[in-house]
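Q: Please see the structure below; I have some questions.
The values are calculated or read from the model by the stated rules, or taken from the named source; none is laboratory data. As the structure is a computational prediction, the values presented were derived from the model and not from experiment. Note: ideal-geometry Cβ built from the backbone for every residue, glycine included; neighbour counts use all protein chains shown. Quick note on the areas: whole protein, heavy atoms, side chains included, nothing else; ligands and nucleic acids left out. Shrake-Rupley method; radii C 1.70, N 1.55, O 1.52, S 1.80 Å.
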Amino acid sequence: MKNRSRYEVIAAILRSAAKEETRTKIMYKAMLSNDQCKIYLDSLLHSGLIQEVNSSNKMAYKITPKGNIFLSYYDQLKELLPVGIEENLTEEYYHLRT
């Protein structure tokens with residue numbers, strides 16, 4: 001599995017939080033470790049992309065309107081850029097032409 005960019009991880013978390021979800025469910029859906037999930041959630045809370053919600057005595061997270069805007073822009077950007085642009089740039093950078 002290739003490494004994901006920070007924005008890919010954020011988009012995965014936001015998609016997971018489309019419905020009220022606990023940190024554990026977000027962690028599994030976004031394929032993150034507990035420590036990674038905690039760091040990203042804190043950052044997204046601070047940025048206003050998700051919000052905490054009390055759901056039947058458990059802390060849950062839900063995407064905010066600002067988070068939905070981020071996802072919309074992220075999806076548009078992915079459509080505009082060629083597939084695998086980062087991989088192609090890396091290959092071209094290290095490829096020596098003779």
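Q: Name the pairs: first residue in segment 33-44 and in contact (Cβ under 8 Å) with a residue 12 or more places away in the chain, second residue open to solvent by 50 Å² or more (accessible area, probe 1.4 Å) and in a helix (DSSP H, G or I), Cβ to Cβ under 8 Å, at least 6 apart or on different chains?
A: Here the result reads CYS37/ARG23; LYS38/ARG23; LEU41/ARG23, each pair linking segment 33-44 to a residue that is open to solvent by 50 Å² or more (accessible area, probe 1.4 Å) and in a helix (DSSP H, G or I).
Q: Another question, then. Could you list, in sequence order, all residues of segment 42-55 that are more than 10 Å from the chain's Cα centre (by Cα) and either in a loop (DSSP other than H, G, I, E, B) or surrounded by 15 or more Cβ atoms within 10 Å (Cβ to Cβ) (or both)?
A: Once the filter is applied, which keeps residues that are more than 10 Å from the chain's Cα centre (by Cα) and either in a loop (DSSP other than H, G, I, E, B) or surrounded by 15 or more Cβ atoms within 10 Å (Cβ to Cβ) (or both), segment 42-55 yields GLY48, LEU49, ILE50, GLN51.
Q: Output the qualifying pairs, or none if there are none: Cβ atoms under 8 angstrom, residues six or more apart or on different chains, first residue in segment 50-64 and in contact (Cβ under 8 Å) with a residue 40 or more places away in the chain, second residue of a type in the set (Ser, Thr, Tyr) and open to solvent by less than 80 Å² (accessible area, probe 1.4 Å).
A: The qualifying pairs are ALA60/THR22; TYR61/THR22.
Q: Restricting to segment 1-41, name every residue that is part of a loop (DSSP other than H, G, I, E, B), farther than 13 Å from ILE63 by Cα and open to solvent by 100 Å² or more (accessible area, probe 1.4 Å).
A: From segment 1-41, those part of a loop (DSSP other than H, G, I, E, B) are 1-5, 17-20, 30-33; that's our starting set.
Subset that is farther than 13 Å from ILE63 by Cα: 1-5, 30-33.
Passing the criteria: MET1, LYS2, ASN3, MET31.
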